[in-house]
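The values are calculated or read from the model by the stated rules, or taken from the named source; none is laboratory data. In this text, all values refer to a predicted model and were calculated from it rather than measured experimentally. Using ideal geometry, Cβ is built from the backbone for each residue, glycine included, and neighbour counts are taken over all protein chains shown.
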Amino acid sequence: MKFAADFHIHSKYSRAVSPLMDLENLDRWAKIKGLKVLGTGDFTHPKWFEDIKKELEPAEPGLFKLHGSDSGTRFILTSEISCIYSKGGKVRKVHIIVFAPSIDAVEKINLKLSQIGNLKADGRPILGLDAKELAKIVLDIDENCLVVPAHAWTPWFSVFGSKSGFDSLEECFEDYTKYIYAIETGLSSDPAMNWRLSQLDKITLISNSDAHSLPKIGREANVFDTELSYESIADALKKKDKNKFLYTIEFFPEEGKYHYDGHRLCNLSLAPQQSKKYNNICPRCGKPLVIGVLNRVEVLADRPEGFLPKNAIPFKSLIPLNEVIAESIGFSVLSKEVLKHYNNLIKNLGNELKILLESTENEIAEKSLPEIAKAIIKMREGKVSIEPGYDGVYGKIKIFSDKNKSDGMKSSISQKTLF
């Protein structure tokens with residue numbers, strides 16, 4: 001069975017997350033986005049875990065669905081944990097995604113972790129716990145759990161982050177590295193960047209949204225062709241059958257908010273070679289630059305740009321549909337005009353991933369505007385220009401030149417009477 005999955009999201013019990021992120025809404029938006037499997041996120045939070053047990057019921061082995069519903073959406077038990085600790089003379093801040101195969105396993109994990117830190121404080125709890133020790137705790141409870149470093153390259157909270165990370169998985173996980181089967185590449189890197197590190201050749205590269213609001217779900221995802229069960233998904237992530245994991249869906253990494261180096265307060269964005277010229281010091285204020293993902297990859301890479309490992313899982317770079325529409329018609333992403341076109345396309349052509357990946361230019365044009373259809377085709381071909389993100393600022397993406405966008409706006413306005 002072919003399906004798309006987004007394993008890393010957050011619930012309404014996490015900081016800076018929409019209060020609408022509840023299970024019913026997640027189920028509904030999974031359908032809109034075209035996701036079959038969605039991580040629950042935040043299973044360590046007591047209230048969210050109670051919601052999970054109350055509102056979900058078992059479906060296929062290790063997967064769950066809304067209680068009493070015939071919904072096709074499946075939930076898999078996942079949670080992100082923030083490990084902050086000292087190791088090797090440095091403060092480390094590493095975020096980890098934990099996958100669990102059963103409610104029983106989660107109950108045991110939560111009981112153990114509640115003895116270490118306050119699980120009630122946040123959906124993504126902060127624990128003074130070595131990432132290796134977290135792996136040991138989780139895998140001792142159930143060997144079928146998965147431990148996956150989250151957004152592995154972001155500067156502040158990741159296994160390879162420039163601010164608090166490590167230079168290798170072995171440095172972080174030591175003898176438990178053999179149980180680390182996958183890493184999450186994050187919005188600011190893509191598989192091609194990770195392929196430059198030979199140390200990652202045996203590691204599965206996965207992509208997830210890390211969504212804090214409903215429209216962000218599925219902005220990155222994973223596409224499988226396997227049976228619908230926890231075990232089958234886990235086996236695909238462990239590369240037990242290389243044909244079961246088809247591809248990942250990616251942001252263009254330049255759009256991620258930590259791709260380039262920079263200093264947000266000084267409105268300064270720099271490519272790695274420029275940062276090197278300034279010795280990684282902001283030339284405007286004299287403070288250290290926030291070293292981004294591209295720079296960090298360059299530091300750790302032992303292969304040239306463009307290297308393709310044998311049996312690499314392919315990827316497809318997409319721009320979220322609402323952003324494509326906004327760019328096409330010259331309105332803001334949150335405008336009513338963009339929402340109207342978005343809802344119309346979903347209603348007539350199906351889910352967002354289908355529209356972005358499969359619908360023909362003519363089908364899209366017939367149900368929206370020629371400019372939107374053209375933009376989606378250009379996106380599929382990678383014909384975009386992006387001002388890279390840096391130091392927490394998202395990149396700015398363009399599909400059309402300013403002249404083409406202006407022409408598109410005039411055409412769109414002239415056709416409003418069609419709706």
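Which residues, counting only those in segment 60-86, are in contact (Cβ under 8 Å) with a residue 24 or more places away in the chain and assigned to a loop (DSSP other than H, G, I, E, B)? Hits for segment 60-86 are 60, 61, 62, 63, 69, 71, 72, 73. In segment 235-278, the residue that is modelled with the highest pLDDT out of those that are acidic (Asp, Glu) and out of contact with any strand residue (DSSP E or B) (no Cβ under 7 Å at 6 or more places or on another chain) is 235. Output yes when any residue across segment 298-310 is aromatic (Phe, Trp, Tyr), within 29 Å of residue 224 (Cα to Cα) and loosely packed, with under 15 Cβ neighbours inside 10 Å, and no when none is. Checked against the condition, which is being aromatic (Phe, Trp, Tyr), within 29 Å of residue 224 (Cα to Cα) and loosely packed, with under 15 Cβ neighbours inside 10 Å, segment 298-310 yields at least one hit. If you filter segment 103-151 down to residues that are in contact (Cβ under 8 Å) with a residue 40 or more places away in the chain and small (Gly, Ala, Ser), you find that the one that is surrounded by the most Cβ atoms within 10 Å (Cβ to Cβ) is 131. Scanning segment 306-353 for residues that are closer than 18 Å to residue 367 by Cβ and among the small types (Gly, Ala, Ser) gives 326, 328, 350. Residues that are surrounded by fewer than 24 Cβ atoms within 10 Å (Cβ to Cβ) and not in a helix (DSSP H, G or I) within segment 9-33 comprise 12, 13, 14, 15, 16, 17, 18, 19, 20, 22, listed in sequence order.
Under the condition of being farther than 21 Å from residue 100 by Cα, in a helix (DSSP H, G or I) and within 22 Å of the chain's Cα centre (by Cα), the residues counted in segment 225-276 number 3.
Regarding residue 49, is this residue closer than 27 Å to residue 1 by Cβ and not hydroxyl-bearing (Ser, Thr, Tyr)? No. Scanning segment 4-52 for residues that are hydroxyl-bearing (Ser, Thr, Tyr) and either within 19 Å of residue 99 (Cα to Cα) or modelled with pLDDT under 95 (or both) turns up 11, 13, 14, 40, 44. The residues of segment 291-317 that are over 27 Å from residue 246 (Cβ atoms) and under 21 Å from the mean Cα position of the chain (by Cα), listed by number, are 291, 292, 295, 296. Go through (1) over 30 Å from residue 181 (Cα atoms); (2) in the same structural domain as residue 225 (by TED's automatic domain parsing) and name the single condition residue 240 misses. Of the numbered conditions (1) over 30 Å from residue 181 (Cα atoms); (2) in the same structural domain as residue 225 (by TED's automatic domain parsing), the odd one out for residue 240 is (1).
Residues of segment 106-128 that are of a type outside the set (Lys, Arg), over 21 Å from the mean Cα position of the chain (by Cα) and under 28 Å from residue 18 (Cβ atoms): 106, 107, 109, 110, 113, 114, 117, 118, 119, 121, 127. Here is a list: 330, 395, 408. Which entry is at pLDDT 95 or above and surrounded by 17 or more Cβ atoms within 10 Å (Cβ to Cβ)? Only one candidate qualifies: 395.
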